[in-house]
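See structure below.
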Amino acid sequence: MTINISRRDFLKLSLFGLLGAGFSPRPQARDLWTAYPGLIGRITTDEKMAPVYKKANFESDVVRETNYDELLHLYHELEVENEEDEKELWYRVWGGYLPSPYVQRTRYRLNNPLKRVPDCGQLAEVTVPCTRAYTYKPGEGWQKTYRLYYSSMHWITGLQTGPDGLPWYQITSEITKYLIYYIPAEHIRPVSNVEFTPTSINVPENEKRIEISLPEQTVTAYEYDKPVMHVPMSSGLRGELVPKGTRTPTGYFNVTSKTPSKHMGLINITEDQAPDSYPGVPWVTFFIYESGVALHGTYWHNNFGKPMSHGCINMRNEDAKWLYNWTTPPYNPPYRGHCDWNVVGRGTKIIVR
């Protein structure tokens, strides 16, 4: 799908110029990442949109093209002002400089397997850049299927020995109990119950609201008319060549339901994963459930501040998680995991302009 803008403009990033200083009570995402070494960038596009340049400039010579799912060490990041005085984020990599829009920042974190999986499953987060999931059928053996990506969320529903003789988890999709696959247990981190703790529970529901600005590509959360979070996002693509169904609708809405893990797009289960299949989308807060419009985390691009989606509000995972816990309805205790994965009810007001 294309829109009526140039390639150079499409790659421009206005992420940090959009951050509102003092709006969020928690550290900004960039601070969390630059404080520690060992970052690995995963290339999230296969459309030659993420080449390595000789200099941190789109007019510079291209050193080489990158490949989808290629991993590169990110030595450091730098901001560069372009001709329009906009800030662009680049990464220094081996041989040159890499623009950030199609680079997912990841790390390798291995985990100890659970001794036992709860009856209603265990929510977990992928902690390696990419892990290959497999299906298993008697008589056919192990077959490759989805690639599951860093920070995506999935339901562990079983534990068994994998094809390498090590512990593997059974993963069950929230869409249907028949969509089952397996991944190495050390590649995914069980999420503790404290990470589901609702926040600002003493603020009345009518004193919370979310405002989404399509012109500015930002999300702002308010308590008592005071902004408590202000972050960049990516709304639906726009332009003459873009179908109306992919544009983010404007108007007044309310949260309708929430789920920490959602398979979006095609339910494709072949080795060559379809580009429109997104298993394990994290921290999903629906506000138009019938057409599937939601605020949610995003692991397939890093171009926040520019329209990118098919109608949803793409957010950085940590921002989507914060909103997920802040919005109403909260969880109805006791939370029953995969046995009751969807929280339903009219909740926080959302205004899209």
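Can Tyr102 be described as out of contact with any helix residue (DSSP H, G or I) (no Cβ under 7 Å at 6 or more places or on another chain) and farther than 22 Å from Arg42 by Cβ? Break it down into steps so the answer makes sense when it comes.
Numbers: out of contact with any helix residue (DSSP H, G or I) (no Cβ under 7 Å at 6 or more places or on another chain): yes; farther than 22 Å from Arg42 by Cβ: no.
So Tyr102 does not fit the description; no.
Consider Leu39 carefully, then state whether it is modelled with pLDDT under 95, in contact with a Leu (Cβ under 8 Å, 6 or more places away or on another chain) and either among the charged types (D, E, K, R) or within 17 Å of Gln104 (Cα to Cα) (or both).
Working: modelled with pLDDT under 95: yes; in contact with a Leu (Cβ under 8 Å, 6 or more places away or on another chain): yes; either among the charged types (D, E, K, R) or within 17 Å of Gln104 (Cα to Cα) (or both): yes.
Against the criterion (modelled with pLDDT under 95, in contact with a Leu (Cβ under 8 Å, 6 or more places away or on another chain) and either among the charged types (D, E, K, R) or within 17 Å of Gln104 (Cα to Cα) (or both)), Leu39 qualifies.
Answer yes if at least one residue in segment 228-250 is at pLDDT 95 or above, basic (Lys, Arg) and surrounded by fewer than 16 Cβ atoms within 10 Å (Cβ to Cβ), and no otherwise.
No, that holds for no residue.
Assuming Pro163 fulfils every condition listed in (1) out of contact with any Pro (no Cβ under 9 Å at 6 or more places or on another chain); (2) surrounded by 14 or more Cβ atoms within 10 Å (Cβ to Cβ) apart from one, which condition is it?
The single condition Pro163 does not satisfy is (2).
Can you tell me how many residues within segment 59-96 are part of a strand (DSSP E or B) and within 24 Å of the chain's Cα centre (by Cα)? Spell out the reasoning first.
Filtering segment 59-96 down to residues part of a strand (DSSP E or B) leaves 62-64, 71-73, 76-81, 87-93, 96.
Filter again for within 24 Å of the chain's Cα centre (by Cα), leaving 71-73, 76-79, 87-93.
Number satisfying all stated conditions: 14.
When you scan segment 204-215, how many residues do you find that are surrounded by 15 or more Cβ atoms within 10 Å (Cβ to Cβ) and either among the aromatic types (Phe, Trp, Tyr) or part of a loop (DSSP other than H, G, I, E, B) (or both)?
Number satisfying all stated conditions: 1.
Here are some residues: Ser192, Ser173. Which one is surrounded by fewer than 12 Cβ atoms within 10 Å (Cβ to Cβ), at pLDDT below 95 and under 21 Å from the mean Cα position of the chain (by Cα)?
Result: Ser192 is the single residue among Ser192, Ser173 that is surrounded by fewer than 12 Cβ atoms within 10 Å (Cβ to Cβ), at pLDDT below 95 and under 21 Å from the mean Cα position of the chain (by Cα).
Being among the acidic types (Asp, Glu) and within 19 Å of the chain's Cα centre (by Cα) is the filter here, so list the residues in segment 111-160 that pass it. Before the answer, list the steps.
As a first pass, look at segment 111-160 and keep what is among the acidic types (Asp, Glu): 119, 125, 140.
If the condition is that a residue be among the acidic types (Asp, Glu) and within 19 Å of the chain's Cα centre (by Cα), then Glu125 is the only one that fits.
For Leu114, only one of the following conditions fails: (1) out of contact with any Asp or Glu (no Cβ under 8 Å at 6 or more places or on another chain); (2) part of a strand (DSSP E or B); (3) surrounded by fewer than 20 Cβ atoms within 10 Å (Cβ to Cβ). What is its number?
Leu114 satisfies every listed condition except (2).
Considering each of Lys208, Lys177 in turn, give the residue that is free of Cβ contacts under 8 Å to residues at least 12 places away in the same chain, at negative phi and basic (Lys, Arg). Explain how you work it out, then say what you get.
Values: Lys208 fails: free of Cβ contacts under 8 Å to residues at least 12 places away in the same chain.
Residue meeting the stated conditions: Lys177.
Report every pair of residues separated by at least 6 positions or lying on different chains whose Cβ atoms are under 9 Å apart, first residue within segment 78-96 and free of Cβ contacts under 8 Å to residues at least 24 places away in the same chain, second in a strand (DSSP E or B) and among the aromatic types (Phe, Trp, Tyr).
Leu78/Trp90; Leu78/Tyr91; Leu78/Tyr97
Return the residues of segment 216-231 that are closer than 18 Å to Phe287 by Cα and assigned to a strand (DSSP E or B); say none if nothing qualifies.
Result: Thr218, Val219, Thr220, Ala221, Tyr222.
For residues that are small (Gly, Ala, Ser) and over 11 Å from Val191 (Cα atoms), scanning just segment 122-150, find the one that is modelled with the lowest pLDDT. It would help to see each step written out before you state the result.
Kept after step one, since they are small (Gly, Ala, Ser), are these residues of segment 122-150: 124, 133, 139, 141.
If we keep only those that are over 11 Å from Val191 (Cα atoms) too, we end up with 133, 139, 141.
Values: Ala133: 95, Gly139: 90, Gly141: 93.
Looking at residues that are small (Gly, Ala, Ser) and over 11 Å from Val191 (Cα atoms), I get Gly139.
Which one of these is of a type in the set (Ser, Thr, Tyr), at pLDDT below 50 and either in contact with a Leu (Cβ under 8 Å, 6 or more places away or on another chain) or surrounded by 16 or more Cβ atoms within 10 Å (Cβ to Cβ) (or both): Ser14, Ser6?
Values: Ser6 fails: either in contact with a Leu (Cβ under 8 Å, 6 or more places away or on another chain) or surrounded by 16 or more Cβ atoms within 10 Å (Cβ to Cβ) (or both).
Of Ser14, Ser6, the one residue that is of a type in the set (Ser, Thr, Tyr), at pLDDT below 50 and either in contact with a Leu (Cβ under 8 Å, 6 or more places away or on another chain) or surrounded by 16 or more Cβ atoms within 10 Å (Cβ to Cβ) (or both) is Ser14.
Only one of (1) surrounded by 14 or more Cβ atoms within 10 Å (Cβ to Cβ); (2) in contact with a His (Cβ under 9 Å, 6 or more places away or on another chain); (3) more than 30 Å from Thr172 (Cβ to Cβ) fails for Leu123. Which number is that?
Single failed check for Leu123: (3).
Being surrounded by fewer than 12 Cβ atoms within 10 Å (Cβ to Cβ) and either modelled with pLDDT of 95 or more or farther than 23 Å from Ser152 by Cα (or both) is true for just one of Glu65, Glu83, Glu88. Which residue is that? Reasoning before the result, please.
Numbers: Glu65 fails: surrounded by fewer than 12 Cβ atoms within 10 Å (Cβ to Cβ); Glu88 fails: surrounded by fewer than 12 Cβ atoms within 10 Å (Cβ to Cβ).
Just a single option satisfies the conditions, and that option is Glu83.
The values are calculated or read from the model by the stated rules, or taken from the named source; none is laboratory data. Source: prediction; values computed, not measured. Positions of Cβ are generated from backbone atoms using ideal geometry, with glycine treated the same way; all protein chains shown enter the neighbour counts.
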